[in-house]
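Okay, so here's the structure we're looking at.
The values are calculated or read from the model by the stated rules, or taken from the named source; none is laboratory data. Note that the structure is predicted; figures quoted are calculated from it, not measured. Neighbour counts run over all protein chains shown; Cβ positions are idealised from the backbone, glycine included. All accessible areas refer to the heavy atoms of the entire protein, side chains included, with ligands and DNA or RNA removed. Shrake-Rupley method; radii C 1.70, N 1.55, O 1.52, S 1.80 Å.
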Amino acid sequence: MELDSLYQEVILDHYKHPLNKGLSEKYGVQVHHINPSCGDEITLNLSIEAGIVKSITWDGVGCSISQASVSIVSDLLINKTLEQAGSITDVFVELMHSKGMKEGDPTILEDAVALAGVSKFPARIKCALLGWMAFKDAAVRIKQLKESENRGSN
Ligand code: ZN
């Protein structure tokens, strides 16, 4: 697999110096996602406060693309509203389905544009999406949790 060398550096940097790696003791929800086709595995803790992403911490093992991608997610989606985080996730998913035809908008995706080239390699797309899918799952669960808490207090 060949990616643009600048992008390769961004990915390797996140892989070697991952952001927000190490699970927080406190969290709203915890999810565990695996990508059996590659052997990638991550656990992600999400906390939100007043609809804003307060922390994303994670731990995991796997290929450089999966681990770099979750590092990027954990940095990019902090302090976003759940709605903003959801739409950024949608933009990234669309990029991954572009078969290499899209470059990605760095003003929205920041470091995640470095993963654009992965969309040309169908076998690796799940690696790049793992952290995003874990976040999406965690966001859905945390919303459900809040809703049932609200119902409980009525
Ligand atoms: Zn992988």
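A count restricted to segment 93-115 and to residues that are assigned to a helix (DSSP H, G or I) and without any contact (Cβ under 8 Å) to a residue 60 or more places away in the chain stands at 10.
The lone criterion from (1) within 22 Å of SER5 (Cβ to Cβ); (2) of a type in the set (D, E, K, R); (3) within 16 Å of the ligand (Cβ to nearest atom); (4) at pLDDT 95 or above left unmet by GLU110 is number (3).
Is it the case that segment 11-25 has a residue that's open to solvent by 80 Å² or more (accessible area, probe 1.4 Å) and within 20 Å of ILE125 (Cβ to Cβ)? Among the residues of segment 11-25, at least one is open to solvent by 80 Å² or more (accessible area, probe 1.4 Å) and within 20 Å of ILE125 (Cβ to Cβ), which makes the answer yes. Residues that are assigned to a loop (DSSP other than H, G, I, E, B) and acidic (Asp, Glu) within segment 7-63 comprise just one, GLU25. Could you please find all residues in segment 116-135 being more than 12 Å from the chain's Cα centre (by Cα), within 16 Å of the ligand (Cβ to nearest atom) and part of a helix (DSSP H, G or I)? Residues satisfying the conditions are GLY117, VAL118, SER119, LYS120, PRO122, ALA123, ARG124, ILE125. From the list GLU41, GLU49, the one residue that fits, being out of contact with any helix residue (DSSP H, G or I) (no Cβ under 8 Å at 6 or more places or on another chain), open to solvent by 40 Å² or more (accessible area, probe 1.4 Å), away from the ligand (no atom under 16 Å from the Cβ) and not aliphatic (A, V, I, L, M), is GLU49. For beta carbons closer than 8 Å, sequence separation of 6+ or different chains, a first residue in segment 39-57 that is among the basic types (Lys, Arg) and a second that is assigned to a strand (DSSP E or B) and crowded, with 17+ Cβ neighbours inside 10 Å, the qualifying pairs are LYS54/SER47; LYS54/ILE48.
Among the residues of segment 72-79, is there at least one that is more than 18 Å from ILE11 (Cβ to Cβ) and open to solvent by 10 Å² or more (accessible area, probe 1.4 Å)? There is at least one residue in segment 72-79 that is more than 18 Å from ILE11 (Cβ to Cβ) and open to solvent by 10 Å² or more (accessible area, probe 1.4 Å).
In the set (1) out of contact with any Cys (no Cβ under 7 Å at 6 or more places or on another chain); (2) within 30 Å of GLU49 (Cα to Cα); (3) not aliphatic (A, V, I, L, M), CYS127 fails one condition alone, (1).
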